[in-house]
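Have a look at the structure below before the remarks.
The values are calculated or read from the model by the stated rules, or taken from the named source; none is laboratory data. Predicted model only: the values in this text are computed from it and were never measured. Here the Cβ positions follow ideal geometry from the backbone for every residue, glycine too, while neighbour counts run over all protein chains shown. For accessibility, only protein heavy atoms count, side chains too; no ligands or nucleic acids. Shrake-Rupley method; radii C 1.70, N 1.55, O 1.52, S 1.80 Å.
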Amino acid sequence: QVQLVESGGGLVQAGGSLRLSCAASGRTFNTDAMGWFRQALGKEREFVAAIGWNGEAYSDSVKGRFTISRDNAKNTVYLQMNSLKSEDTAVYYCAARPGTYSQRWQDHNYWGQGTQVTVSS
């Protein structure tokens, strides 16, 4: 059974930082591409960042502020979020797929339950 468990969300003031973690089990983690997506209330799910053997990618809205990384020994992927803005408020999901990374949420087979990030202005 594949399981992805996010943690690290919370309430932070604008300009602050948070680090999200996503612990994976039940798969060969180090061969999967991992992605972070977010969904704000009333909006569609959107791409945030992704990492795979073919590199990394970021949405324009978070580039330069967020950093994705992974620790294969711990089967964990991270999202370091700096200079947070109120528009970053959303539920953040990690997702996994075999092979190369993708910016499309539809390409991902496995999802975590999500963690809420709220940025107060």
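Look at the stretch 51-76: where a residue is β-branched (V, I, T) and a partner is modelled with pLDDT of 95 or more and part of a loop (DSSP other than H, G, I, E, B), sitting 6+ places away or on another chain with Cβ atoms under 7 Å, you get I51/Y101. May I ask you to list the residues in the stretch 44-61 that are at pLDDT 95 or above and outside any strand (DSSP E or B)? Those that are at pLDDT 95 or above and outside any strand (DSSP E or B): E44, R45, S59, D60, S61. Among the residues of the stretch 112-119, none qualifies, meaning not one is closer than 23 Å to L11 by Cβ and either modelled with pLDDT under 95 or aromatic (F, W, Y) (or both).
Scanning the stretch 27-58 for residues that are closer than 13 Å to Y101 by Cβ and open to solvent by 20 Å² or more (accessible area, probe 1.4 Å) gives T31, F47, W53, N54, G55, E56, Y58. Against the list (1) surrounded by 20 or more Cβ atoms within 10 Å (Cβ to Cβ); (2) more than 22 Å from Q106 (Cβ to Cβ); (3) out of contact with any Leu (no Cβ under 6 Å at 6 or more places or on another chain); (4) of a type outside the set (K, R), the condition M81 fails is (3). Of all residues being more than 12 Å from Y93 (Cα to Cα), open to solvent by 60 Å² or more (accessible area, probe 1.4 Å) and at pLDDT 95 or above in the stretch 1-13, which is farthest from the chain's Cα centre (by Cα)? Just the residue, please. By that ranking, first place goes to Q13.
Across the stretch 19-51, the number of residues qualifying as aliphatic (A, V, I, L, M), over 14 Å from H108 (Cβ atoms) and within 12 Å of the chain's Cα centre (by Cα) comes to 2.
Taking (1) open to solvent by 60 Å² or more (accessible area, probe 1.4 Å); (2) among the polar types (S, T, N, Q); (3) farther than 15 Å from V117 by Cα in turn, T76 satisfies each apart from (1).
The criterion of being in contact with a Phe, Trp or Tyr (Cβ under 6 Å, 6 or more places away or on another chain), closer than 21 Å to D107 by Cα and of a type outside the set (G, A, S) does not hold for R70.
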